[in-house]
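Student: Submitted below is the structure of interest, expressed as structure tokens.
The numbers here are math on the coordinates, done by the rules we state, and not lab data. Here the structure is a predicted model, which is why all the values come from computation and not from measurement. As a convention, Cβ positions derive from the backbone with ideal geometry for all residues, glycine included, and neighbour counts pool all protein chains shown.
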Amino acid sequence: MKNALITGASRGLGLALARRLAEQGWGLIVDARGKKAIEQVREELSQKTTVIAIPGDVTAESHRKKLFKAAQELGGLDLVVNNASFLGPSPQPTLLEYPLDVLEDVYRANVIAPLAILQTLFPALRLDACIINVTSDAGVEAYGGWGGYGSSKAALEHLSHIFAEENPSLRVYWVDPGDMRTQMQQEAFPDEDISDRPLPEESVPGLMALIEGSQPSGRYQAREVIEPTG
């Protein structure tokens, strides 16, 4: 059995990907900060596969140690998806108005935690494991008002690139899923109707193409990657 860890799996893209992997029989470790929400995910997906749900915050070392223990229980990991992230204030402030203590929290969740998870989980990774760090177009485009979140994702992208260079035996992808109809997207645009955005499920085929394929490490846009057939 192949096994995966997906952070931030109680809703949005993380949940959509977890559902797809469960359908294909992957063993899953899923986490989220909401205990009730992640338990509901476990109850749903355990009808199809082995699921370990661990509520907690990826920025906490004690939580990351629990994830590592779960990975050992499953016998190792073939996939780690660093999906959990923190938007910051809503609506997004300009950099001159950005509260620095919150900016530290954004970087801690979006940059330091993904690396900390990889450091902690590395001994549990199987040969040719796949790493997906979920990023954003805000990490490469200078959108006014997105200085905190965008710069954190830019840092994650460069960190991912260097991690790939340092670990050539792994497939390391930093993936922009595109705009999605999610709670985070609504929080980013609190006064807008986001019903025209694609559902997170529309970004899953591209992620699966990377997970199941042999593409070289690099940056990808999920909805531009073609899922293999047959």
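Student: Rounded to two decimal places and with Rh computed the Kirkwood way over Cα pairs, what is Rg over Rh for region 59-189?
Tutor: Over the Cα atoms of region 59-189, Rg/Rh equals 1.00.
Student: Based on the alpha-carbon gyration tensor of region 13-57, what equivalent-ellipsoid semi-axes (square roots of 5 times the eigenvalues) come out, in whole Å, largest first?
Tutor: Ellipsoid semi-axes (Å, largest first): 17, 10, 8.
Student: Still on this structure, please answer the following. Grab the other residues whose beta carbon is less than 13 angstrom from that of Ala60, score K and R as +1, D and E as -1, and report the net.
Tutor: Summing Lys/Arg as +1 and Asp/Glu as -1 gives +1.
Student: Mean residue ellipticity at 222 nm from the helices of the chain, using -39,500 (n - 2.57) per DSSP H segment of n ≥ 4 over the full residue count, to the nearest 500 deg cm²/dmol?
Tutor: -12000 deg cm²/dmol
Student: Now for a separate question. Using Cα springs under 10 Å in a Gaussian network model of the chain, which residue among Ile54, Ile162, Ile211 shows the largest mean-square fluctuation?
Tutor: Looking only at Ile54, Ile162, Ile211, the largest GNM fluctuation is found for Ile162.
Student: Cα-based count: Lys pairs in the chain below 24 Å, eight or more positions apart or different chains?
Tutor: 14
Student: Another question about this same structure. I need the Kirkwood Rh of region 3-224: take the reciprocal of the average 1/r across all distinct C-alpha pairs and report it in angstrom.
Tutor: By the Kirkwood definition, the hydrodynamic radius is 17.4 Å.
Student: A follow-up question, please. If you put +1 on each Lys and Arg Cβ and -1 on each Asp and Glu Cβ, how big is the dipole of the chain around its Cα centre, in Debye rounded to 20?
Tutor: 940
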